[in-house]
Every structure is written in C-alpha cells, then in structure tokens.
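Engineer: Here's a structure for you.
The values are calculated or read from the model by the stated rules, or taken from the named source; none is laboratory data. Every value quoted in this text rests on a predicted model; they were computed, and no experiment measured them. For neighbour counting, all protein chains shown are included, and Cβ atoms are generated from backbone atoms with ideal geometry for every residue, glycine included. Accessible surface areas use protein heavy atoms only, side chains included; no ligands, DNA or RNA. Shrake-Rupley method; radii C 1.70, N 1.55, O 1.52, S 1.80 Å.
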Amino acid sequence: MTKTKKITLAVAIVIIIAAMVYAGVTGAANGTVTCPDCGTAADLSCETCGGEGVVRGTLWAILPPVIAIGLALITKEVYSSLFIGILAGGLMSASFSFTGTIDSVINDGLISAVSGTAGIFIFLVELGIIVALINKAGGSAAFGNWAKTHIKSRVGAMLATFLLGVLIFVDDYFNCLTVGSVMRPVTDSKKISRAKLAYIIDATAAPVCMIAPISSWAAAVASYAEDGQGLALFIKAIPYNFYSLLTLVFIVAICLMKFDYGPMKLHELNALQNGDLYTSGDKNEAAQVIPSTKGRVIDLVIPIILLIGFCLLGLVYVGGIFDGANFVDAFANTDATVGLPWGCLIALALIIVYLLIRGVVSLKEAMECVPQGFIAMVPAILILTFATSLKNMTSLLGAKYYVGDLMAGNAETLGAFLPAIIFLVACVLAFATGTSWGTFGILIPIVTAIFPVGSELLIIGMSACLAGAVCGDHCSPISDTTIMSSAGGQCNHLNHVSTQMPYAITVAGISFVMFAISGFVQNIWICLPLGIVLTIATLFVIKAITNKKTA
C-alpha cells in the first residue's frame, strides 16, 4: 500500500469512527439531538427551554482538534489535517446535516476566522514586506557579516537570539517575526538548524510575554479577572509561573551544555555536519533576492527601531493613551489585532522613505518587495486561518462548559493538589484548542471563585492556570504562536512542532512537580530555587543518558 493510500485510509477511518462515536453517544438522527434539560428534540440549543444540546459541555467537544492534531502528527501534512478537523467540528455542530455542516464550516469556521484575525493577517503581510525590504537593501547581509566577526560561536548565536527574544516582550506575534527576521542571518552563519531557531523564538515569545507586566498578555489576563484585580494578581503570580521561568532556565542551560535530544538532535547534527539547516520538509524560504551592495548594519537597525517604536505607539494609542489613559491602563485596554498593524503600517512607510533616501533601493525595487513579502507569509496565513477555524468549531461545541463544570465540581476534593491539576487541565485545553488566551479566559473566573481571596493558594492557582495555558499553547501545532514561530524561523511547521515537543514536555513535567509541591509549601523562596535546580539536574541526567546511548 502506497503512502498516499495509507494516509487516505487513516483519514477515512478517523472520520468514520468519529461519526459512529458521536452518533452513538448523542443519539443524533435526522439532524436533531435530545435536549438534556427538557427532553425535546433539538439542535445544539433547545428553543423550548433554552437548554443546551448533548454535545455542548461534554468531552466530545474537543474531538475535532484531537482529530486534527493526531492526523498532523501521523501524516506530517498540516493543511489537510486542520481542514478535516474543521469538517469534523462542522458535522458535529450541525448534527450531520449536509447543508448545516457546510454553513458551519464556511460561516462559523472560515469566514469568522478571516474576519476575526484580519488585523493579524495585515500585520503579517506588513512584516513580510519589511523583511523583504531589509533583505533587498542589504541590511540583513551586512548584519550577518558583522555577526560573523563579533559572535564567535554557535552558543553565542543562540544566546543572542534568546536575549533578543526576552527583550521584545510586548507581544508574542511581534516577537516571533521580529526575532526571526533579525537573527536568521546570524544563526545560519553558525550552522544552527531552523528547527532550533524556531524553538528559541517560540520559547521566548509566549513564555516571556506571560511574565512581563507590560505586554498584551498581561492586558488580556487583567480583562478576565473580576473587580479590577487582574493586573495585581498577574504580577503576584509571576514568581510562581514555573513553566515560563523554567523554560528560560532550560534554554540557557541546554545552550551552554551544548547538547540536544529527541528529534532536535538530528536536525542540529545535520546542520553542523552537513550544512543542511532544514533536514526534512519544505524549506519555507522567502523568494531569494539579490541584496544591495550598499547595505550597512544601520539599514537593519533603524528599520527595527522604527518597527518597535511605532508598534508600541500603536498598542498604547488603541488602548487610549491619547485620551487620558496612563501607560499601564493603555496596555490593559489595547487590542493587538488593531494596534500592531496600525503601528507597523506607519513604520513600513517610514522605512521605505528611509531606504530611498539612503539610495540602497529604488522605488521600483521597494514596490517589488510588496508581493514578495505577501508571498513569504502565505503559509503562515493559511495555517492561521485553518487553526482559527478549528478553534471556532471547538467553541461552537462548548468545550469551555465541560472544562468549567469539571473544575468547579472537583475543587473541594482536590485540596492542595489543585494547582497541579489546574496546570494539567490548562495544558490539555490549550493544546487541544491552540489558544492560551481562550484557556485562561475559561479558567481564570473558576480559579478566582474556588480559592479564598487574598490567599497564597489563589496566587499559586492563578500561576498554574497561566503557566498551563502557555505550556499547551507552546506545544500545540494549531497554536497561532507556534505557527508564527515557524514563519519567523522559516522552518517547516511540523518539524518545529516535533522537535520542540520533547523540550516543552520536559519543562512541563518539572513544572507539574513544582506546582504539586507549592500547593503544600506555599513559599516562592523555596519553590523557585528548587525548580531551577531540578531543571538543571534533569538536563544533566538526560545528557548522561543520551551520551550513553551514542557511546
């Protein structure tokens, strides 16, 4: 049997099993289900009593993303896997009605995804154009030449990438694409695989944003907590956010220890020994351009400064800073899907003017960079559209009701273990749905309701919720941050997912242990140093095991 036939058979089997399971559990027939509240035959919402259908609020609501993720990991083909997941969600939401399924997939899925993320699409295209302009002007090539003489080693290149990722903490989307475009020439010159670059980008995007009080993530968390306590809770929770903090420790340690494990080891050895930065899969490279010989390092530095400055201005402008809001409140009220494209557009215009004045590009060459930048971002836009559509299907099926009821119903019996359980639930939910914001949006109200106000357990529980959301988002192949990290590193998306998974799971396991301990100890001065020691010790053990296997 050929590979194509195996894939087709696997897809067919998954869809048939999903359909049979769904039909058997819900008793769906002729496009209706039975309302659990009044017994009336109804679709997903009952017009008789207003009750919700069987699929809403049950474990089956997360079946579509499970199908999509499973197929993606098995077939190594992301577009068809995501679409089949969307289709499964449409079938379930429409109770297997043909026209209802098409309506659900098109209207609730794809159209809603495009309209809801149009601002991020614009931002992606604008960034793609800026990267193409900098490449054409010779700024990237000049920076690469400078880096060859000033950054002497692979470790230095990786740590420089890490440091830049930490410094750009205001937004994960902005972080992924900016760090990737700036550091690619440096990491390429030191024969660092694109998979390793994408991992460092991803691991310093959402995890760093989640421990930065001035970021779009802090603003989102603040908006979900009640009575204006969100930002204060966010800040108090930072020291207990084991996944984010230990991920940073993990990156530095594994770079200094000069070893890799899992699929990443193959990619790094192939890059170092053979000069192949990709190992497998499509190259995901932008169209090659002949850079200007007049380019200087300043032709990269000034565009990046303009980009950072005006994106920050765009974020606080949208948040109302010019209407009297202070800086913190402006971040708390901002909308990144509006602020980032707003600032990036101004930066793009000024960058074009600057490069024309410098004489490193002509107007015609600058305009040629517009379609080049768009083409470079097409894979990211397609995956983001499908991933967002899949999230919409999961929301339509009511996964949040199931998770909310599950957590609230078991709060009393879990006791001091609750932070560790919250961490696991948040991991699973964020992994399945591909959204950390949606995950902590579901769980934060539950966390603040089940823990005593002002208690240390409330802070630890909040940290567990945020850390789990970041962890699941970091691992998930349908996460927008994961997708844009692949785009920023110009790495095959599934290569990025498969190589970073063992690293993320290692830190997640350590974080789970630390949340279990902190539920009893409730002292950050004991727990955080213990977590750091445990992370480094775990890496030494893994290194010893991998060295023994290769000996």
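Engineer: With the Cα gyration tensor of the stretch 420-551 giving a ≥ b ≥ c as the square roots of its eigenvalues, does the rule (a/c under 1.5 for rounded; else a/b larger than b/c for prolate; else oblate) give rounded, prolate or oblate? Spell out each step's value before the answer.
Structural biologist: Details: a/c = 2.92, a/b = 1.22, b/c = 2.40.
Oblate, since a/c reaches 1.5 and b/c is not below a/b.
Engineer: Once fully extended, how much extra length lies between ILE235 and ILE375, figured as 0.36 nm per residue of separation less the alpha-carbon to alpha-carbon distance? Walk me through the numbers on the way to the answer.
Structural biologist: Values: separation 140, 0.36 × 140 = 50.40 nm, distance 3.99 nm.
Full-extension gain reported as 46.4 nm.
Engineer: For THR293 paired with ASN326, estimate the spin-label separation in nm (one decimal), with each label point 7 Å from Cα along the Cα-to-Cβ line.
Structural biologist: Simple spin-label model gives 5.6 nm for this pair.
Engineer: Now for a different question. May I ask you to rank LEU307, LEU345 by accessible area, largest first, using a 1.4 Å probe over the protein chains only?
Structural biologist: Working: LEU307 5, LEU345 100 Å².
Heavy-atom accessible area, descending, gives LEU345, LEU307.
Engineer: Could you check the simple spin-label distance between LYS265 and LEU345, using points 7 Å along Cα→Cβ, in nm with one decimal?
Structural biologist: The two pseudo-label positions are separated by 5.0 nm.
Engineer: Assuming 0.36 nm per residue, please report the length gained on full extension of the stretch LEU167 to ILE526 beyond their Cα-Cα distance.
Structural biologist: Values: separation 359, 0.36 × 359 = 129.24 nm, distance 2.74 nm.
Contour length minus the Cα-Cα distance gives 126.5 nm.
Engineer: What FRET efficiency would be calculated for the residue pair ILE305, LYS148, taking the C-beta separation as r and a Förster radius of 25 Å, to the nearest 0.05?
Structural biologist: On the way: r = 23 Å, r/R0 = 0.90.
Rounded to the nearest 0.05, the efficiency is 0.65.
Engineer: Right, next: Determine the order of SER80, SER455, SER115, SER485 by accessible area, beginning with the largest, at a probe radius of 1.4 Å. Intermediate results must be reported in sequence, preceding the final value.
Structural biologist: Working: SER80 55, SER455 30, SER115 85, SER485 0 Å².
Order by accessible area, largest first: SER115, SER80, SER455, SER485.
Engineer: Just to confirm a number: summing +1 for Lys and Arg and -1 for Asp and Glu over residues other than LYS191 whose beta-carbon lies under 14 angstrom from that of LYS191, what do you get? Display every interim value, and only then the final one.
Structural biologist: Details: positive: LYS148, LYS152, ARG154, ARG184, LYS190, ARG194, LYS196, LYS258; negative: ASP188, ASP260, GLU268, ASP276.
Result for the local shell: +4.
Engineer: If you don't mind, there's one more thing I want to ask. Just how much of SER479 is accessible, in Å², when a 1.4 Å probe is used and the result is rounded to the nearest 10?
Structural biologist: The accessible area of SER479 comes to roughly 0 Å².
Engineer: Still on this structure: Distance cut-off 25 Å, Cα to Cα: go down the list LYS294/LYS364; LYS148/LYS258; LYS190/LYS364; LYS258/LYS548; LYS152/LYS265; LYS190/LYS258 and report the pairs above it.
Structural biologist: Numbers: LYS294/LYS364 17 Å; LYS148/LYS258 19 Å; LYS190/LYS364 34 Å; LYS258/LYS548 16 Å; LYS152/LYS265 22 Å; LYS190/LYS258 14 Å.
Beyond 25 Å: LYS190/LYS364.
Engineer: Could you give the distance between the Cα centres of the stretch 480-534 and the stretch 102-149, to the whole Å?
Structural biologist: 26 Å
Engineer: Can you give the net charge of the other residues whose Cβ lies under 10 Å from the Cβ of GLY319, counting K and R as +1 and D and E as -1?
Structural biologist: On the way: positive: none; negative: ASP323, ASP329, ASP335.
Local charge sum for GLY319: -3.
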